[in-house]
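Asks: Structure provided below as C-alpha cells; questions to follow.
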Amino acid sequence: MAKISIDGIEIDVPADYTLLQACEEAGKEIPRFCFHERLSIAGNCRMCLVEVKGGPPKPTASCAMAVKDLRPGPHGEPPVVLTNSPMVKKAREGVMEFLLINHPLDCPICDQGGECDLQDQAMAYGVDSSRFAENKHAVADKYMGPLIKTAMTRCIHCTRCVRFTAEIAGADDLGAMGRGEDTEITTYLERAMTSELSGCVADICPVGALLPKPQNFRGRPWEFVKTPSVDVMDAVGSAIRVDTRGREVMRILPRVNEAVNEEWISDKTRQIVDGLKRQRLDRAYVRENGRLRAAAWPEAFAAIAAKAKGAAGDRIGAIAGDLVSVEEMFALKALVESLGSANLDCRQDGTKLDPKFGRASYLFNTTIEGIEQATSLLIVGANPRKEAAVLNARIRKRWRQGAFPIALIGEKVDLTCPYDWVGAGADAIADYAGKAQSAGERPMVIVGQAALARPDGAAVLAAVAKAAADLGAIRDGWNGFNVLHTAAARVGGLDVGFTPGEGGRDAIAMTNPGGVDILFNLGADEIDVAPGAFVVYLGSHGDRGAHRADVILPTATYTEMSGLYVNTEGRVQMSNRACFAPGEAREGWAVLRALSAELGKTLPFDSLAELRAKLVAQHPVFATLDDVAPADAGPLASLPAGTLDAAPLRTSVTDFYLTNPIARASAVMAECSALAAGALKQAAE
C-alpha cells in the first residue's frame with residue numbers, strides 16, 4: 001500500500017493504482033472520455049488531467065500515471081495530487097474547447113442527447129464560449145452494418161470502440177486511418193462489423209458517433225420506462241434493462257453484473273426488439289377442416305377437453321421449449337401428471353442430460369466468473385463464440401492474461417483466441433486426457449449441447465467427466481467439469497424435473513409417429529411433430545410449433561411476464577414484466593391454470609405467488625435468487641460409460657442470429673444472418 005494526499009485527504013491505496021483510481025477511492029470525480037475500466041489505457045483525450053505537486057510542471061493525465069511513479073515530499077511527505085486547482089480547471093476547459101472545435105453541436109437532433117458524456121462534461125467542466133471561429137471539419141459517415149449507425153463528425157477519437165473490438169470482442173473490426181485532423185475511425189473497406197458483440201461499441205461511445213441503427217430516432221431516454229430483467233437469447237442469463245414506451249419495447253440495454261456478463265450483451269440480445277412484436281399470436285386458434293381459425297378462449301379450451309376426455313393417460317405428453325419460464329414448466333408438469341402421464345421432456349434437441357445424476361452433471365460448475373481462475377481449457381463439441389458470445393468474451397479475457405492453453409475437440413471454429421485442435425471425434429477425448437502435460441492446478445473442460453444430443457450423447461458426457469477427473473479438474477474447492485447450455489429454459493427444466501418419469505417417453509419418442517395422441521407443446525419450435533398427434537401449442541409467435549398445432553393458446557414473451565430462469569451455471573434469476581402482451585395473450589402459467597379447470601384437474605394455485613410458494617416447497621433450489629450453490633460432484637464418477645460413435649463432433653448453433661422464434665421474427669436479425677452467410681460464402685470462395 002502507498003500513502004497519497006488527494007485534495008488534502010490522505011488515503012492508502014495499492015501502489016499499482018493509477019492516479020484516476022486513487023482519486024475515485026478518495027471520492028473525487030475525475031472526468032474522462034478515452035478511459036474505460038475494462039479496456040487498456042490510451043491516455044489520448046487528456047480530460048482526466050490533475051496537478052501533481054513535485055511532479056511535472058504541467059497537468060498530468062491521471063489515467064496513465066501510477067501512484068508508485070510519484071515522488072514523496074522533501075521530508076518524506078506523501079505525494080500531493082490536486083483535482084480542482086486553477087491549473088486543472090484551466091487545463092480541462094482548454095481540452096473541452098479543443099474537443100468542440102469540430103464537433104457539430106447538433107444535440108437537439110442527436111440520438112445520444114440525454115445520454116452523452118460529452119454533453120454532460122461540457123456543462124460541468126467547459127466554458128460558455130470558444131476562441132475558434134474556423135469552419136468545422138466534417139467527416140463522411142461510415143457503413144458498419146445493420147446494427148451501428150455512424151455520425152463520424154461527432155467522433156472525438158477516444159478509440160474506445162477500437163480497443164473494445166480488439167481486446168474484448170477479438171474481431172479487429174475497427175481501426176484508425178489518417179493522421180492529425182484527418183484521423184478517422186472506420187472498418188476495413190467500410191464493411192459490416194463481424195463480431196457478435198458489435199452493438200457494445202454504441203454503449204461505450206462517449207459521444208453520438210456510434211449509435212444503435214435499429215433504434216435510430218425512435219425516442220429520447222427520458223421517455224422510456226426502464227425495467228431490469230434477464231436475457232433469454234442464450235443460457236448465459238445476461239443482466240439487461242428493457243426500456244418501454246406504452247406497450248412497446250423500444251430497446252434492450254445491458255446492466256452491470258460482474259458475475260455473469262460484466263457490462264456486455266450480444267447483438268442478438270440487444271436487437272431482437274422488433275421480433276417481440278412481429279408474427280405475434282394474440283388470440284386463440286382452432287384447426288377446422290385443415291385450417292386454423294380464430295376462436296374464443298372457451299371454444300379453444302372445449303376443443304382440448306373434448307379430445308382429452310377419451311385419451312389414456314400414457315397417450316398424453318408434453319414438451320417444453322427453450323424460452324419458457326420455470327413457472328410455466330412447473331404448471332404444465334403438474335397438469336400432465338394429474339392426467340396420469342409421465343411423458344415429459346424439456347430437451348427438445350434430444351440431449352442426454354438427466355437430473356438423476358445430480359446437478360453437477362448438467363451445470364457450468366466452474367461458474368462464468370470462475371473462468372478467470374482457470375489454468376487451462378478443453379472444449380468438446382462446442383463453439384462458445386456462437387453459443388454464448390458473452391461467455392466467450394470471458395474466455396478471451398482469461399486468455400489475454402496469459403498462461404492459458406486452450407484445446408478444442410470437434411469442429412474447427414474461430415474462438416477469437418488461438419487454440420490447439422486435438423481432433424474431430426469423441427475418441428480424442430481420452431487421448432487428450434492421457435497426454436495433456438500442462439493442465440495446471442485448475443483445469444476446465446467444457447462440453448457443448450451438440451455433443452450431448454447425438455445418439456451416443458450419454459457416453460460422450462461420461463467420457464468428458466472422466467477426462468475432467470483425469471486432468472485433475474474435479475477436486476475439493478474446484479470443479480472444472482462444465483456443460484455449456486444454449487437454451488435459457490433448459491437448466492430450469494432439469495431442476496424442476498421436466499423429464500420423463502418412470503415408463504415415460506422423451507421428446508423424440510413423443511414426436512415420432514405413434515408417439516402420443518395428445519401433445520402439449522409449450523413453446524418448442526425447434527422440433528417437428530409427426531402427423532397423427534393432436535397438438536396443443538402454447539407460445540408467443542407463429543413459428544414451427546404454431547404451424548403444426550391443432551389448437552393455439554397465445555402466451556406472453558419474457559419481456560411481458562415475471563418469470564424465473566436458471567442460467568447455464570445454475571444461477572436462479574428473475575425476469576420482470578416490462579409491458580403487457582398483445583391482444584388476448586396471457587402468461588403461460590395463467591393459461592394452464594384456466595385450462596386445468598376446464599379439464600377437471602384444477603391446479604392448486606390461483607396466483608403467481610401461490611405457484612412460486614409451491615415451486616419452492618418442492619424444489620428448494622429456487623428459493624435463492626442470483627446465487628450459485630456448488631453442486632455435489634460425487635455423482636459424476638458414476639455416469640454410465642458407453643460406446644463412442646466415430647462420427648465427428650459438431651456445434652449446435654449454425655446461424656447465431658436465428659436460433660429461436662423471437663429472433664426468426666426479427667427483420668434486423670434476418671439482415672444480420674444474410675450478411676453473415678454472404679461473408680462465409682465469400683470466404684469459402
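The values are calculated or read from the model by the stated rules, or taken from the named source; none is laboratory data. Since this is a predicted model, take the numbers as computed values, not measurements. Note: ideal-geometry Cβ built from the backbone for every residue, glycine included; neighbour counts use all protein chains shown. To get the accessible areas, we keep the full protein, side chains included, count just its heavy atoms, and leave off ligands, DNA and RNA. Shrake-Rupley method; radii C 1.70, N 1.55, O 1.52, S 1.80 Å.
Asks: Looking at K386 and the list (1) under 20 Å from G570 (Cα atoms); (2) crowded, with 20+ Cβ neighbours inside 10 Å, which single condition is not satisfied?
Replies: The single condition K386 does not satisfy is (1).
Asks: While we're on this one: May I ask you to say which residue of V260, V249 is of a type in the set (V, I, T) and either at positive phi or within 13 Å of the chain's Cα centre (by Cα) (or both)?
Replies: Values: V249 fails: either at positive phi or within 13 Å of the chain's Cα centre (by Cα) (or both).
Being of a type in the set (V, I, T) and either at positive phi or within 13 Å of the chain's Cα centre (by Cα) (or both) holds for just one of V260, V249, which is V260.
Asks: Looking at A451, A469, A403, can you tell me which residue is open to solvent by less than 20 Å² (accessible area, probe 1.4 Å), small (G, A, S) and touching a residue at least 12 places away in the same chain (Cβ under 8 Å)?
Replies: Details: A469 fails: open to solvent by less than 20 Å² (accessible area, probe 1.4 Å); A403 fails: open to solvent by less than 20 Å² (accessible area, probe 1.4 Å).
On inspection, the qualifying residue turns out to be A451.
Asks: Which members of segment 212-251 meet the condition of being closer than 16 Å to D274 by Cβ and among the basic types (K, R)?
Replies: K213, R218, R245, R247, R251
Asks: Here's something else I'd like to know. Output the qualifying pairs, or none if there are none: Cβ atoms under 6 angstrom, residues six or more apart or on different chains, first residue in segment 640-668 and in contact (Cβ under 8 Å) with a residue 24 or more places away in the chain and closer than 15 Å to E196 by Cβ, second residue open to solvent by 50 Å² or more (accessible area, probe 1.4 Å) and not small (G, A, S).
Replies: Between residues of segment 640-668 that are in contact (Cβ under 8 Å) with a residue 24 or more places away in the chain and closer than 15 Å to E196 by Cβ and residues that are open to solvent by 50 Å² or more (accessible area, probe 1.4 Å) and not small (G, A, S), the close pairs are T651/E411; V653/K386; F656/K386.
Asks: Which of the residues that make up segment 272-323 are within 26 Å of G563 (Cβ to Cβ) and among the basic types (K, R)?
Replies: Of everything in segment 272-323, those that are within 26 Å of G563 (Cβ to Cβ) and among the basic types (K, R) turn out to be K277, R278, R280, R283.
Asks: Find all pairs meeting these conditions: Cβ atoms under 6 angstrom apart; at least six residues apart or on different chains; first residue within segment 306-333 and touching a residue at least 12 places away in the same chain (Cβ under 8 Å); second residue surrounded by fewer than 24 Cβ atoms within 10 Å (Cβ to Cβ) and among the aromatic types (F, W, Y).
Replies: Every condition considered, the pairs that remain are K307/F534.
Asks: A further question follows. Which helices (runs of 4 or more DSSP H) does segment 358-471 wholly contain that include 2 or more residues that are more than 28 Å from Q348 (Cβ to Cβ)?
Replies: Values: elements: 384-387, 389-400, 428-435, 449-452, 457-470.
By residue number, 389-400, 428-435, 457-470.
Asks: Inside segment 45-96, can you point out the residues that are open to solvent by less than 70 Å² (accessible area, probe 1.4 Å) and among the polar types (S, T, N, Q)?
Replies: T60, S62, T83, S85
Asks: Of the conditions (1) under 25 Å from G340 (Cα atoms); (2) among the polar types (S, T, N, Q); (3) under 24 Å from the mean Cα position of the chain (by Cα), T557 clears all except one; give me its number.
Replies: Going through the list (1) under 25 Å from G340 (Cα atoms); (2) among the polar types (S, T, N, Q); (3) under 24 Å from the mean Cα position of the chain (by Cα), T557 breaks only (1).
Asks: Being touching a Leu at 6+ places or on another chain (Cβ under 6 Å) and among the hydrophobic types (A, V, I, L, M, F, W, C) narrows it down to one of A140, A176, A169, A133, so name that one. Outline the logic, then answer.
Replies: Numbers: A140 fails: touching a Leu at 6+ places or on another chain (Cβ under 6 Å); A176 fails: touching a Leu at 6+ places or on another chain (Cβ under 6 Å); A133 fails: touching a Leu at 6+ places or on another chain (Cβ under 6 Å).
Being touching a Leu at 6+ places or on another chain (Cβ under 6 Å) and among the hydrophobic types (A, V, I, L, M, F, W, C) holds for just one of A140, A176, A169, A133, which is A169.
Asks: Okay, next question. Among the residues that make up segment 432-441, is at least one of them open to solvent by 40 Å² or more (accessible area, probe 1.4 Å) and in contact with a Phe, Trp or Tyr (Cβ under 9 Å, 6 or more places away or on another chain)?
Replies: So far as segment 432-441 goes, yes, one or more of its residues are open to solvent by 40 Å² or more (accessible area, probe 1.4 Å) and in contact with a Phe, Trp or Tyr (Cβ under 9 Å, 6 or more places away or on another chain).
Asks: Every residue in segment 333-363 that is within 26 Å of L658 (Cβ to Cβ) and open to solvent by less than 30 Å² (accessible area, probe 1.4 Å), please.
Replies: Listed by number, the residues that qualify are D345, C346, R347, Q348, G350, T351, L353, Y362.
Asks: Follow-up question, since we're still on this one. Out of the residues in segment 206-219 that are free of Cβ contacts under 8 Å to residues at least 60 places away in the same chain and under 29 Å from G583 (Cβ atoms), state the one that is most open to solvent (accessible area, probe 1.4 Å).
Replies: Just the residues of segment 206-219 that are free of Cβ contacts under 8 Å to residues at least 60 places away in the same chain, to begin with: 209, 218-219.
Next, from what is left, pick out any that are under 29 Å from G583 (Cβ atoms): 218-219.
Numbers: R218: 69, G219: 29 Å².
Selected residue: R218.
Asks: Say we look at segment 472-487 and pick out the residues that are assigned to a loop (DSSP other than H, G, I, E, B) and of a type outside the set (S, T, N, Q); which of these is most open to solvent (accessible area, probe 1.4 Å)? I'd like the intermediate steps shown before the answer.
Replies: Filtering segment 472-487 for residues assigned to a loop (DSSP other than H, G, I, E, B) gives 472-473, 476-477, 480, 485-487.
Narrowing further to those that are of a type outside the set (S, T, N, Q): 472-473, 476-477, 480, 485, 487.
Working: G472: 28, A473: 0, D476: 146, G477: 86, G480: 0, H485: 2, A487: 4 Å².
That would be D476.
Asks: Going by the structure shown, is D111 part of a loop (DSSP other than H, G, I, E, B) and more than 19 Å from A22 (Cα to Cα)?
Replies: Details: part of a loop (DSSP other than H, G, I, E, B): yes; more than 19 Å from A22 (Cα to Cα): yes.
It is true that D111 is part of a loop (DSSP other than H, G, I, E, B) and more than 19 Å from A22 (Cα to Cα).
Asks: Which residues, counting only those in segment 634-668, are open to solvent by less than 30 Å² (accessible area, probe 1.4 Å) and not in a helix (DSSP H, G or I)?
Replies: To start, the set of residues in segment 634-668 that are open to solvent by less than 30 Å² (accessible area, probe 1.4 Å) comprises 636, 639, 649, 651, 653, 656-657, 660-663, 665-666, 668.
Matches in segment 634-668: L639, L649, T651, V653, F656, Y657, N660, A665, S666.
Asks: Follow-up question, since we're still on this one. Tell me, which residue of segment 488-503 that is out of contact with any Gly (no Cβ under 8 Å at 6 or more places or on another chain) and small (G, A, S) is surrounded by the fewest Cβ atoms within 10 Å (Cβ to Cβ)?
Replies: Out of the qualifying residues, it is G503.
Asks: Kindly indicate the residue of segment 173-190 that is under 19 Å from G678 (Cα atoms) and either acidic (D, E) or in contact (Cβ under 8 Å) with a residue 60 or more places away in the chain (or both) and also surrounded by the most Cβ atoms within 10 Å (Cβ to Cβ) among those meeting that condition. So that I can check it myself, show each step before the final result.
Replies: Narrowing segment 173-190 to residues under 19 Å from G678 (Cα atoms): 173, 187-190.
Applying the additional criterion that residues be either acidic (D, E) or in contact (Cβ under 8 Å) with a residue 60 or more places away in the chain (or both) yields 173, 190.
Details: D173: 25, E190: 13.
Applying the filter and picking the extreme gives D173.
Asks: Given E584, E560, which one is charged (D, E, K, R), at pLDDT 95 or above and within 20 Å of G321 (Cα to Cα)?
Replies: Numbers: E584 fails: within 20 Å of G321 (Cα to Cα).
Just one listed residue meets the conditions, E560.
Asks: Return the total of residues in segment 286-325 being part of a loop (DSSP other than H, G, I, E, B) and at pLDDT below 95.
Replies: 5
Asks: Right, here's the next one. Kindly indicate whether any position in segment 45-66 is in contact (Cβ under 8 Å) with a residue 24 or more places away in the chain, out of contact with any Pro (no Cβ under 8 Å at 6 or more places or on another chain) and not in a loop (DSSP other than H, G, I, E, B).
Replies: Checked against the condition, which is being in contact (Cβ under 8 Å) with a residue 24 or more places away in the chain, out of contact with any Pro (no Cβ under 8 Å at 6 or more places or on another chain) and not in a loop (DSSP other than H, G, I, E, B), segment 45-66 yields at least one hit.
Asks: Now for a different question. Based on this model, can you work out whether K149 counts as touching a helix residue (DSSP H, G or I) at 6+ places or on another chain (Cβ under 6 Å), more than 30 Å from P418 (Cβ to Cβ) and at pLDDT 90 or above? Can you show your working first?
Replies: Working: touching a helix residue (DSSP H, G or I) at 6+ places or on another chain (Cβ under 6 Å): yes; more than 30 Å from P418 (Cβ to Cβ): yes; at pLDDT 90 or above: yes.
For K149, the condition - touching a helix residue (DSSP H, G or I) at 6+ places or on another chain (Cβ under 6 Å), more than 30 Å from P418 (Cβ to Cβ) and at pLDDT 90 or above - is met.
Asks: Restricting attention to segment 167-206, which residues are assigned to a helix (DSSP H, G or I) and modelled with pLDDT of 90 or more? Spell out the reasoning first.
Replies: At the first step, the residues of segment 167-206 found to be assigned to a helix (DSSP H, G or I) are 167-169, 180-182, 188-190, 200-204.
Correct list: E167, I168, A169, C200, V201, A202, D203, I204.
Asks: Given segment 220-285, what strands (runs of 3 or more DSSP E) lie entirely inside it while holding 2 or more residues that are among the β-branched types (V, I, T) and open to solvent by 10 Å² or more (accessible area, probe 1.4 Å)? Let's see the steps before the verdict.
Replies: Values: elements: 225-230, 239-245, 248-254.
Of the strands (runs of 3 or more DSSP E) lying wholly inside segment 220-285, those with at least 2 residues that are among the β-branched types (V, I, T) and open to solvent by 10 Å² or more (accessible area, probe 1.4 Å) span 225-230.
Asks: Does segment 393-410 contain at least one residue that is of a type outside the set (K, R), within 22 Å of G570 (Cβ to Cβ) and modelled with pLDDT of 95 or more?
Replies: Within segment 393-410 (the criterion being of a type outside the set (K, R), within 22 Å of G570 (Cβ to Cβ) and modelled with pLDDT of 95 or more), the answer is yes, since at least one residue qualifies.
Asks: Separate question: Looking only at segment 78-89, decide whether some residue is polar (S, T, N, Q), in a loop (DSSP other than H, G, I, E, B) and under 33 Å from the mean Cα position of the chain (by Cα).
Replies: First, pick out the residues of segment 78-89 that are polar (S, T, N, Q): 83-85.
Pick out the ones that are also in a loop (DSSP other than H, G, I, E, B) and you get 83-85.
Those still in the list that are under 33 Å from the mean Cα position of the chain (by Cα) too: none.
No: zero hits.
Asks: Another question, then. Can you tell me which residue is farthest from N392 (Cα to Cα) among those in segment 198-209 that are within 21 Å of the chain's Cα centre (by Cα) and not charged (D, E, K, R)? Spell out how you get there, then give the answer.
Replies: Restricting attention to segment 198-209, the residues satisfying the condition of being within 21 Å of the chain's Cα centre (by Cα) are 198-205.
If we keep only those that are not charged (D, E, K, R) too, we end up with 198-202, 204-205.
On the way: S198: 14, G199: 16, C200: 15, V201: 17, A202: 20, I204: 19, C205: 22 Å.
By that ranking, first place goes to C205.
Asks: Does D141 satisfy being over 30 Å from Y188 (Cβ atoms) and either open to solvent by 40 Å² or more (accessible area, probe 1.4 Å) or in contact with an Asp or Glu (Cβ under 7 Å, 6 or more places away or on another chain) (or both)?
Replies: Working: over 30 Å from Y188 (Cβ atoms): no; either open to solvent by 40 Å² or more (accessible area, probe 1.4 Å) or in contact with an Asp or Glu (Cβ under 7 Å, 6 or more places away or on another chain) (or both): yes.
Here the answer is no, as D141 does not meet what is asked.
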